[in-house]
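As structure tokens, the structure follows; a few thoughts come after it.
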Amino acid sequence: MRGRVLLVGSMLAAIVVAVLTTVVLLLVEPELSKAEAIKTGGLAGGAVVALYALWLNDRRRRTDEARHELESDKAADERFARSVELLGNEADQVRVGALHALVWLADSTPRYKQTVLDVLCAYLRRPFTHPSYTRRADDPEQVTTEDSLDDDRERQVRLTAQRLITDLLPWGQNLDKTLYHLDLTGASLEYFRLEGRRIGRLTARRTRFYGITRLSELHASKPALFTSAMF
């Protein structure tokens, strides 16, 4: 209804402009022929219609862009929910795929970046231990069991999560000025690397760091908390 009113209004405005232009030209330029005056008035009226058409096209473009953005946000929300759900899958390759899907979402939709980091940290905070944490690598008594194979597969998933956290954080010439927070309270981490990264707060209370942990040149804008952490 509103569009129809605007269309009628623009047509009336074009007619008024055309008539006024013609009358003014005949009064100001008496020597000008009526045909030329009417032609000029028609062009002026046509310009009004053209301006309305340009405004209408711009309005439609903005409406389409808003609809596309809304659809993209909905698709991103669905993709996020599905990826988080797949983190509970029994197959380790599915969990790895879900981790990569989350990181892809964080890269393509920046508003998800902190949320994805929170999910990766939450995954690493899940209780986990590996036989290699407590036994010597040259122990002749160690026996490979189905449970140890499951631990090995979960270990690889967790190492992937650690690497993806590192990859998501800004460093060097990265122009992302957002300071992301990491909560790794009580997590078991192995060969964890944050060297050169820029973060907000790092919470690592009661965290167990196995292997070589690299934190050199880490820039934290807020306190890094390592209460009762073990290296």
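Taking region 106-126 as the search range and keeping residues that are in a loop (DSSP other than H, G, I, E, B) and farther than 14 Å from residue 209 by Cα, which one is farthest from the chain's Cα centre (by Cα)?
The selected residue is 126.
Take the residues in region 108-117 that are surrounded by 15 or more Cβ atoms within 10 Å (Cβ to Cβ) and not polar (S, T, N, Q), then tell me which one is modelled with the lowest pLDDT.
So the residue we want is 112.
At pLDDT below 90, more than 30 Å from residue 116 (Cβ to Cβ) and in a helix (DSSP H, G or I): is that true of residue 132 in this structure?
In short, no.
Please pick out the residue among 105, 86 that is touching a helix residue (DSSP H, G or I) at 6+ places or on another chain (Cβ under 8 Å), crowded, with 18+ Cβ neighbours inside 10 Å and modelled with pLDDT of 90 or more.
105
Does region 167-183 contain any residue that is within 18 Å of the chain's Cα centre (by Cα), surrounded by fewer than 16 Cβ atoms within 10 Å (Cβ to Cβ) and not in a loop (DSSP other than H, G, I, E, B)?
So far as region 167-183 goes, yes, one or more of its residues are within 18 Å of the chain's Cα centre (by Cα), surrounded by fewer than 16 Cβ atoms within 10 Å (Cβ to Cβ) and not in a loop (DSSP other than H, G, I, E, B).
Provide a single number: the residues in region 184-231 that are assigned to a loop (DSSP other than H, G, I, E, B) and either at positive phi or hydrophobic (A, V, I, L, M, F, W, C) (or both).
The number of residues fulfilling the criteria is 18.
If I ask for residues that are within 16 Å of residue 214 (Cα to Cα) and either at pLDDT below 95 or not hydrophobic (A, V, I, L, M, F, W, C) (or both), which ones from region 173-195 would you list?
188, 190, 191, 193, 195
What do you reckon, is residue 148 buried (at least 16 other Cβ atoms within 10 Å of the Cβ) and either assigned to a helix (DSSP H, G or I) or modelled with pLDDT under 85 (or both)?
no
Being within 25 Å of residue 128 (Cβ to Cβ) and not charged (D, E, K, R) is the filter here, so list the residues in region 196-219 that pass it.
199, 202, 203, 204, 207, 209, 210, 211, 212, 213, 215, 218
The values are calculated or read from the model by the stated rules, or taken from the named source; none is laboratory data. Every value quoted in this text rests on a predicted model; they were computed, and no experiment measured them. As a convention, Cβ positions derive from the backbone with ideal geometry for all residues, glycine included, and neighbour counts pool all protein chains shown.
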